[in-house]
Amino acid sequence: MQQDRYQVYHLEETSFQLNQSFSCWQKVVLWALELELNKKQKWYVVDIHADDNCEDVFQIDAFGLLKPTGHRAGSFYEQVRLLSLPALILEGVIEPLGLTDGVTVLKPLAEASYEIQVLNGNDGMSTFAAESSLLEAPFQRQYQSDNDVALLVYCHDELIATALFSRYIEDHRFPFHLSELCYELSLHTVYVLPEYRSLGIASSLANSIVNIARKDMLNLHHVLQGKIRLKPWFSALALTPGGEAICDILSEAFVEMNDDIIEELMDEGMAISYQDPVIFVEGMA
């Protein structure tokens, strides 16, 4: 099914799911005409072999007719992805700690979930943060293996602090705005053992998170080359008063980082327009 030229996607809850595919356009047209639709259902057909600058995404309307959405194929889309965690580590994104014998490790969240639960006393905080604190966005997130990330701080081989967050790129095939592509940094939680607080560990973790977003966004700007504007998003759900403070620090740093990136790219001679970051923070404390 993945190799057929015309792939049919159906919006289920908040994400698009591949439903089926066809090898020729005539079969797509006949199938769409027989499809029973209601106003709430959204079906799309994606031509994965369309030539550059040709329309490649079509929505099936209430009458079963295929209407182009305005999205056009582009070979540069193949490079629109998050930087891998090994690449980020090589880029030096992890901030140094003001802590003797302290080290920060960057891991996929799935590989660190057990350690994090132990750090939090198995109270389920990390599970809640990872699964429930992702705020709904108006755009469709593109899911990759390195979306969910953990920063782990060790001292003498003991885990003493962690930060959980996610990074997302909008699925360019189903954009909220045709002229924009959203990049989202979503903070879940930052936790430091009580005896290690007031040592600047949380600030170091926050700086590392911003460094990662900076590298992601610079890479995306260079890939897009001004063809499509990159729209930055920062979202977070503050579970505690301390979490609210971290969210404030990170949101301010995110805005400053975006300003610095635009200035840097303009100095390089890139034709780029400024995009105000969207800051979406909710508190539960």
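The values are calculated or read from the model by the stated rules, or taken from the named source; none is laboratory data. Keep in mind the model is a prediction, meaning the values are calculated, not measured. Using ideal geometry, Cβ is built from the backbone for each residue, glycine included, and neighbour counts are taken over all protein chains shown.
Hey, among the residues in region 169-182 that are surrounded by fewer than 24 Cβ atoms within 10 Å (Cβ to Cβ) and of a type outside the set (D, E, K, R), which one's nearest to Ser84 (Cα to Cα)? Give the steps one after another, and end with the answer.
Of the residues in region 169-182, the ones surrounded by fewer than 24 Cβ atoms within 10 Å (Cβ to Cβ) are 169, 171-180.
Add one more test, that the residue is of a type outside the set (D, E, K, R), and what stays is 169, 172, 174-179.
Details: Ile169: 13, His172: 19, Phe174: 23, Pro175: 23, Phe176: 25, His177: 26, Leu178: 26, Ser179: 26 Å.
Of everything passing the filter in region 169-182, Ile169 is nearest to Ser84 (Cα to Cα).
Select from region 90-105 the residues that are on the phi < 0 side of the Ramachandran plot and either surrounded by fewer than 13 Cβ atoms within 10 Å (Cβ to Cβ) or touching a residue at least 60 places away in the same chain (Cβ under 8 Å) (or both) and list them in ascending order. If the condition is that a residue be on the phi < 0 side of the Ramachandran plot and either surrounded by fewer than 13 Cβ atoms within 10 Å (Cβ to Cβ) or touching a residue at least 60 places away in the same chain (Cβ under 8 Å) (or both), then Leu90, Glu91, Val93, Ile94, Glu95, Pro96, Leu97, Gly98, Leu99, Thr100, Gly102, Thr104 are the ones that fit.
In this entry, Leu83 is excluded by the filter for residues that are of a type in the set (A, V, I, L, M, F, W, C), modelled with pLDDT of 95 or more, part of a strand (DSSP E or B) and assigned by TED's automatic domain parsing to the domain that holds Leu224.
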